[in-house]
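A short write-up of the structure that comes next.
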Amino acid sequence: MQEPVTEGGATAVAQPNIALIKYWGKRDEQLFIPMTSSLSMTLDIFRTTTTVRLGTEADVDSVALNGKAASGEAERRVLVFLDLVRELAGRKERAVVDTHNEAPTGAGVASSASGFAALALAASAAYGLDLDARALSRLARRGSGSASRSVYGGFVQWHKGQGEGADADLSSYAEPVPVGDIDPALVIALVDGGPKSVSSRAAMRSTVDTSPLYQGWADSSEGDLTEMRRALSRGDFEAVGEIAERNALGMHATMLAARPAVRYLSPATVTVLDRVLQLRADGIPAYATMDAGPNVKVLCRRADADRVAEAVREAMTAGSVVVAGSGPGARLLTEGG
Ligand code: DP6
């Protein structure tokens, strides 16, 4: 066990990840056990930096997000998570949490993934929990499912786990995936920087509960994952892109069929999707993936990233384009006073 940090606290940094095989749907909402396994790439941009200090005097936790006191659902999720860390550590002190996000919060660039990966690491260090990477990914999962993957850098699989209750909790973790030589980049078209209309959590719940297409996608996603792992290990970039694009479009199809429909894709999204098809027709391997928002992430080779970014920018009438590479996992910056 590490010594609990009582002064200075612990600071952790983590980055978002973009899923190439999506997580969409939970079979256990309490424990964040997903319906399907997923696979992502951690980014080298949009850091979240989180410091957790133990407040020996305070009787409530305090949470600041980008310099302002957090409120509503964002605050509630952090407080629930801190209770879980205290329960695991067998401790009672309240915490002071200070988080800074470089990404626009709630814009579909998964700030909850980097956020809970950084919080899991900073809070577990501050409370003296000595977790290995697998246990850390299981803990981060309890804040936000996709956060389990941001514990690691590069390509990462989050296992759906088996059984119920404690068995599911123990077997649903993320781990790195070996890849061949693909040198990937993600060109991110931020077509809309505003907050999302429906949270991914609510949307995935309603999709599982009401979409007649959900089970078909979940079943096909298992096959997509197997094929994706093979394509990654042999460094087959085109296959990786094709599988990622079809998996994402299938996920959005399940949402469109939910009752009521959940539609994150906007006209600007579709314009970028058309441009990606055109790039392929012009011989540049570029493939699109979208999450719970209108932004499009275009997977391409790093050598083609500038050209792809330029083409996507030209197709957009508003917003911005950023280029990301493959980045590192969550890490601790400082510890102790
Ligand atoms: C569309 O991890 O944000 O980005 O577990 O409810 O916090 P909760 O959901 P979250 O969902 C991410 C969904 C997604 C796909 C993915 O990242 O795999």
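The values are calculated or read from the model by the stated rules, or taken from the named source; none is laboratory data. These numbers were taken from a predicted model, which means no experiment stands behind them. Positions of Cβ are backbone-derived with ideal geometry, glycine not excepted, and every protein chain shown enters the neighbour counts. Side chains are part of the model used for accessible areas, which takes the heavy atoms of the whole protein and leaves out ligands, DNA and RNA. Shrake-Rupley method; radii C 1.70, N 1.55, O 1.52, S 1.80 Å.
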request  = Kindly indicate which of ALA117, ALA74, ALA113 is within 17 Å of the chain's Cα centre (by Cα), more than 29 Å from PRO178 (Cα to Cα) and either more than 14 Å from the ligand (Cβ to nearest atom) or assigned to a helix (DSSP H, G or I) (or both).
outcome  = ALA74
request  = May I ask you to list pairs of residues, at least six apart or on different chains, whose Cβ atoms are under 6 Å apart, with the first in the stretch 165-181 being farther than 15 Å from ARG141 by Cβ and in a strand (DSSP E or B) and the second being open to solvent by 70 Å² or more (accessible area, probe 1.4 Å) and among the charged types (D, E, K, R)?
outcome  = none
ask   = Any residue at all in the stretch 89-102 that is touching a His at 6+ places or on another chain (Cβ under 9 Å), open to solvent by 10 Å² or more (accessible area, probe 1.4 Å) and more than 16 Å from the ligand (Cβ to nearest atom)?
value = no
task = Examine the stretch 232-244 for a residue that is under 17 Å from GLY25 (Cβ atoms) and within 16 Å of the ligand (Cβ to nearest atom), and state whether such a residue exists.
result = no
query = Filtering the stretch 165-180 down to residues that are closer than 15 Å to ARG27 by Cα and of a type in the set (Asp, Glu), which residue is least open to solvent (accessible area, probe 1.4 Å)?
reply = ASP169
task = Would you confirm whether any residue within the stretch 292-310 is in contact with a Pro (Cβ under 7 Å, 6 or more places away or on another chain) and assigned to a loop (DSSP other than H, G, I, E, B)?
result = no
query = Any chance the stretch 274-285 includes a residue that's part of a loop (DSSP other than H, G, I, E, B), acidic (Asp, Glu) and open to solvent by 70 Å² or more (accessible area, probe 1.4 Å)?
reply = yes
inquiry  = Just to be sure I understand, how many residues within the stretch 139-164 are buried (at least 24 other Cβ atoms within 10 Å of the Cβ), in a loop (DSSP other than H, G, I, E, B) and touching a strand residue (DSSP E or B) at 6+ places or on another chain (Cβ under 9 Å)?
reply    = 4
